[in-house]
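A.B. asks: Have a look at the structure that comes next, please.
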Amino acid sequence: MDMNEIKEIFFQECEEQLAELESGLLKLNDGDRDPETVNAVFRAVHSIKGGAGAFGLDDLVSFAHVFETTLDCVRSNRLDPGPEVLKVMLKSADVLADLTNAARDGGSVDEARSRQLIKELEALANGEVPQASAVAEPVAPVSKAAPVAVAPVVNDEGFQPVAFSFDDFETEEPASMEMPTYEIVFKPKSDLYAKGNDATLLLRDLSRLGEMSIHCDMDTLPSLDRLSPETAYFSWKVSLKTDKGEDAIRTVFEFAEWDCDLDVSLVSGETAPVGEELPMQPVPFDLSILDDEPVGPIGVIEEEEQLAAQQEIRNAAVAAAGTASNVLQMAQSAARAPAEKSVGAAASAAAQSAAAQQAAASAATPTIRVDLDRVDRLINLVGELVINQAMLSQSVVENDANGTSSINMGLEELQQLTREIQDSVMAIRAQPVKPVFQRMSRIVREIADMTGKSVRLITEGENTEVDKTVIDKLAEPLTHMIRNAVDHGLETPEKRLAAGKSAEGTVRLTAKHRSGRIVIELADDGAGINREKVRQKAIDNDLIAADANLSDEEIDNLIFHAGFSTADKISDISGRGVGMDVVKRSIQALGGRINISSKPGHGSVFTMSLPLTLAVLDGMVVTVANQTLVVPLTAIVETLQPEAAAIHSFGSNQRLISIRNSFCPLVDVGRILNFRASQANPVEGVALLVESEGGGQRALMVDAIQGQRQVVIKSLEANYTHVPGIAAATILGDGRVALILDVDTIVAASRGQSLKPEMSLAAAG
């Protein structure tokens with residue numbers, strides 16, 4: 001594997017880490033204070049920084065280091081992740097993603113924004129909490145050099161200490177305290193370098209913790225003729241003066257500790273606070289002396305106890321499992337439960353057992369990275385297998401009238417097995433919509449900042465799976481819809497308060513499975529569609545006549561027309577009439593449909609219905625004017641045989657069919673597609689009751705039904721050209737090409753009794 005392949009793997013892992021980072025920050029923003037959530041966010045940035053350093057991506061390393069330092073303050077309870085703090089961190093996550101993309105694709109980032117966020121992150125790390133966050137917990141100002149109690153403690157006498165300033169004692173205790181000195185012995189193994197780590201970068205990170213002196217031991221270096229380029233010979237002895245503690249030192253080697261020999265010892269400088277007379281303890285440090293009363297800052301004690309708990313669980317896991325991944329997961333779970341000095345031995349054992357169970361439950365499912373081209377080739381081959389199986393089955397059926405031969409029975413088993421293989425292969429490409437939904441969080445934040453609005457994005461059904469091809473094409477229409485919802489749908493905070501709403505607007509993005517399709521809803525609690533304004537704009541643009549009688553649904557659909565915009569002026573966000581028409585075309589290109597539901601003063605809901613996959617389709621094979629067509633099964637509600645008494649004429653050439661005391665328009669598919677010049681007799685055919693998004697129910701009239709089967713979708717545009725009313729094509733068992741009907745287009749065209757290559761949305765309603 002060459003360096004380019006390793007680098008590509010790094011960037012793939014960066015995408016996962018960035019998704020984990022944003023997901024964790026959003027959880028924190030929603031009020032989640034689980035220590036494991038904070039640890040996951042910290043690890044994501046730390047991993048990106050470590051990998052970037054191995055490839056010399058200095059800009060990415062520098063920004064990630066400052067970001068990591070601030071997150072470490074949150075992790076150690078020195079910084080409260082309030083709304084203003086998380087606002088800075090979410091912006092920092094966006095810049096980190098930009099820097100990663102720039103490093104991969106060779107682009108550039110906004111350096112001014114990057115420098116500004118570095119200053120804000122450094123200010124947060126130095127304790128300069130924004131005012132909005134600081135007000136939430138009024139605490140007396142504390143000197144940076146003074147230790148700070150992070151939690152109230154009640155001692156044995158029942159007295160509770162009161163927070164106060166240590167400024168008056170700056171010339172006494174702090175001056176007499178000696179900085180602890182640690183001795184670190186660091187000996188890398190060969191695996192450390194094989195995995196892309198660099199001892200120099202680790203030592204550089206270590207130097208940031210305090211004053212450091214270092215000695216390189218080269219005694220094991222052999223002569224040149226016996227030198228192996230893949231063997232690690234050097235080791236380092238480091239003397240480090242720092243008040244960060246042993247936990248911070250080991251954190252530097254967190255992702256390399258299994259590929260090196262590491263020994264950390266406290267050699268001097270650990271002094272007890274004034275008022276306590278405790279003897280210096282030999283290394284290793286015995287935490288049992290702290291069981292009676294706290295002898296130092298509560299935050300330090302908790303860190304030491306958590307470190308001891310982590311080490312205990314780590315040792316147990318090494319003996320039981322012997323794998324680095326289990327060790328890390330169990331150690332991380334041990335840090336979730338804060339150590340409490342009053343907990344007995346039984347409670348401690350129960351906590352460790354619960355932590356181990358939680359680690360086992362959260363163990364990641366083993367995965368393997370496969371080139372997408374290989375998966376596509378496999379899917380194409382399985383598609384050809386389905387077609388050949390259908391051809392073989394039809395040939396046997398045609399030559400075996402009784403249908404009882406052993407060959408026929410074997411073909412039925414082959415058909416079932418082929419279907420299972422196809423379902424399994426399609427599941428390989430199925431991916432959750434979570435990455436796309438997470439990308440929308442950044443869009444919401446950016447548009448909210450540009451418009452001065454307060455917006456909250458709520459996502460549901462992020463784990464809903466859909467074909468990767470569909471996911472890749474979802475980002476563009478969702479981006480336009482999110483921008484439209486925030487810019488046009490939501491009101492300003494002042495208007496919302498005047499209308500009796502909260503100042504913060506809500507945008508809800510939901511995904512769910514329904515009838516073999518994926519349904520994505522985007523809802524906002526804004527003002528809804530101003531239909532009078534939309535109608536007047538459409539008249540001004542000559543899209544409709546001034547006296548046109550349009551329903552609310554038809555007026556709402558006018559916003560999808562190309563060049564249509566209700567913005568009063570052109571801005572960086574909207575006003576040029578480009579956006580919602582792109583949404584309409586993109587959804588239709590995916591074989592989907594979109595519908596609008598709006599209530600003035602309460603908001604709007606955009607509903608997109610998409611196929612789960614673009615490779616296979618369950619359809620009903622029908623005959624229309626001697627042509628074979630396939631109607632998607634998900635669009636069919638029921639089939640029925642029309643009777644003469646149920647057919648009613650309406651107008652000059654419209655017909656209705658009576659179904660259970662209700663009337664439904666009857667659409668002659670052959671006439672719409674120009675397969676025949678005049679309308680056929682409905683009584684001689686079959687009616688398919690279909691349902692389309694926004695178009696209601698229609699009865700499609702066909703000549704006959706051949707059967708129901710699963711077909712492999714072949715792109716008509718890629719192999720021929722776009723045909724209005726036709727979504728795609730397929731190959732039947734007898735080798736013939738059958739066209740797959742675009743139900744929504746047929747229903748829309750039936751209103752004008754003609755099918756145009758480019759139908760206007762006004763005509764489509």
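A.B. asks: How many of the residues in region 197-234 are hydroxyl-bearing (Ser, Thr, Tyr) and more than 42 Å from the chain's Cα centre (by Cα)?
C.D. replies: Adding up the residues that qualify gives 5.
Each row is one residue, and each column tells you yes or no for (1) more than 17 Å from residue 27 (Cα to Cα); (2) at pLDDT 85 or above.
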residue	(1), (2)
428	yes, no
433	yes, yes
460	no, yes
477	yes, yes
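A.B. asks: Suppose we keep only residues that are among the charged types (D, E, K, R) and without any contact (Cβ under 8 Å) to a residue 24 or more places away in the chain within region 505-539. Which one would you say is surrounded by the fewest Cβ atoms within 10 Å (Cβ to Cβ)?
C.D. replies: 532
A.B. asks: May I ask you to list the residues in region 634-659 that are within 46 Å of the chain's Cα centre (by Cα) and either closer than 14 Å to residue 687 by Cα or outside the structural domain of residue 748 (by TED's automatic domain parsing) (or both)?
C.D. replies: Across region 634-659, the qualifying residues are 635, 636, 637, 638, 639, 640, 659.
A.B. asks: Scanning region 250-268 for residues that are among the hydrophobic types (A, V, I, L, M, F, W, C) and not in a strand (DSSP E or B), which turns out nearest to residue 179 (Cα to Cα)?
C.D. replies: In this case the residue turns out to be 252.
A.B. asks: Go through 119, 91 for me and flag whichever is of a type in the set (D, E, K, R) and in contact (Cβ under 8 Å) with a residue 40 or more places away in the chain.
C.D. replies: 91
A.B. asks: So which pairs qualify, if the first residue must be in region 628-646 and free of Cβ contacts under 8 Å to residues at least 40 places away in the same chain, the second must be of a type in the set (S, T, N, Q), the Cβ gap must be under 7 Å, and the two must be at least 6 apart or on different chains?
C.D. replies: That search, which allows pairs on different chains as well, returns 646/658.
A.B. asks: Then there's this: On the basis of being more than 23 Å from residue 445 (Cα to Cα), modelled with pLDDT of 85 or more and not aromatic (Phe, Trp, Tyr), does residue 534 make the cut?
C.D. replies: The answer is yes for residue 534.
A.B. asks: Here is a follow-up. Considering region 217-249 alone, what residues qualify as being part of a loop (DSSP other than H, G, I, E, B) and surrounded by 10 or more Cβ atoms within 10 Å (Cβ to Cβ)?
C.D. replies: 220, 221, 222, 227, 231, 232, 233, 234, 242, 243, 244, 245, listed by residue number.
A.B. asks: Could you check residue 728 against (1) farther than 25 Å from residue 581 by Cβ; (2) in contact with a Ser or Thr (Cβ under 8 Å, 6 or more places away or on another chain); (3) modelled with pLDDT of 80 or more; (4) among the small types (Gly, Ala, Ser) and say which number it fails?
C.D. replies: Of (1) farther than 25 Å from residue 581 by Cβ; (2) in contact with a Ser or Thr (Cβ under 8 Å, 6 or more places away or on another chain); (3) modelled with pLDDT of 80 or more; (4) among the small types (Gly, Ala, Ser), only one is false for residue 728: (1).
A.B. asks: How about region 206-216: which of its residues are closer than 21 Å to residue 66 by Cα and part of a strand (DSSP E or B)?
C.D. replies: 211, 212, listed by residue number.
A.B. asks: I've got another one for you. Starting from region 686-698, take each residue that is outside the structural domain of residue 646 (by TED's automatic domain parsing) and of a type outside the set (Val, Ile, Thr) and list its partners that are crowded, with 19+ Cβ neighbours inside 10 Å and modelled with pLDDT under 70, counting only C-beta distances under 7 angstrom and pairs at least six apart or across chains.
C.D. replies: Close Cβ pairs (under 7 Å, with a partner that is crowded, with 19+ Cβ neighbours inside 10 Å and modelled with pLDDT under 70) do not exist here.
A.B. asks: Of 67, 55, 42, 63, which residue is within 19 Å of the chain's Cα centre (by Cα) and in the same structural domain as residue 96 (by TED's automatic domain parsing)?
C.D. replies: 42
A.B. asks: For region 75-146, which fully contained helices (runs of 4 or more DSSP H) count at least 1 residues that are at pLDDT 85 or above?
C.D. replies: In region 75-146, the matching helices (runs of 4 or more DSSP H) lie at 83-105, 111-125.
A.B. asks: In addition: Which fully enclosed helices (runs of 4 or more DSSP H) of region 430-504 have 2 or more residues being at positive phi and crowded, with 18+ Cβ neighbours inside 10 Å?
C.D. replies: Ranges flagged: none.
A.B. asks: Condition first: in a helix (DSSP H, G or I) and at pLDDT 85 or above. Now tell me which residues in region 634-681 satisfy that.
C.D. replies: Listed by number, the residues that qualify are 644, 645, 646, 669, 670, 671, 672.
A.B. asks: Give the residues of region 356-389 that are at pLDDT 75 or above and either touching a strand residue (DSSP E or B) at 6+ places or on another chain (Cβ under 7 Å) or not aliphatic (A, V, I, L, M) (or both), sorted by residue number.
C.D. replies: Once the filter is applied, which keeps residues that are at pLDDT 75 or above and either touching a strand residue (DSSP E or B) at 6+ places or on another chain (Cβ under 7 Å) or not aliphatic (A, V, I, L, M) (or both), region 356-389 yields 371, 373, 374, 376, 377, 380, 383, 384, 386, 387, 388, 389.
A.B. asks: Collect the residues in region 182-206 that are in contact (Cβ under 8 Å) with a residue 12 or more places away in the chain and either more than 15 Å from residue 257 (Cα to Cα) or among the basic types (Lys, Arg) (or both), keeping them in residue-number order.
C.D. replies: 182, 183, 187, 189, 195
A.B. asks: So is residue 78 among the basic types (Lys, Arg), surrounded by fewer than 19 Cβ atoms within 10 Å (Cβ to Cβ) and within 20 Å of residue 122 (Cβ to Cβ) or not?
C.D. replies: yes
The values are calculated or read from the model by the stated rules, or taken from the named source; none is laboratory data. Remember, it's a predicted structure, so these values are computed and weren't measured experimentally. Note that each Cβ is placed from the backbone with ideal geometry, even for glycine, and that neighbours are counted across all protein chains shown.
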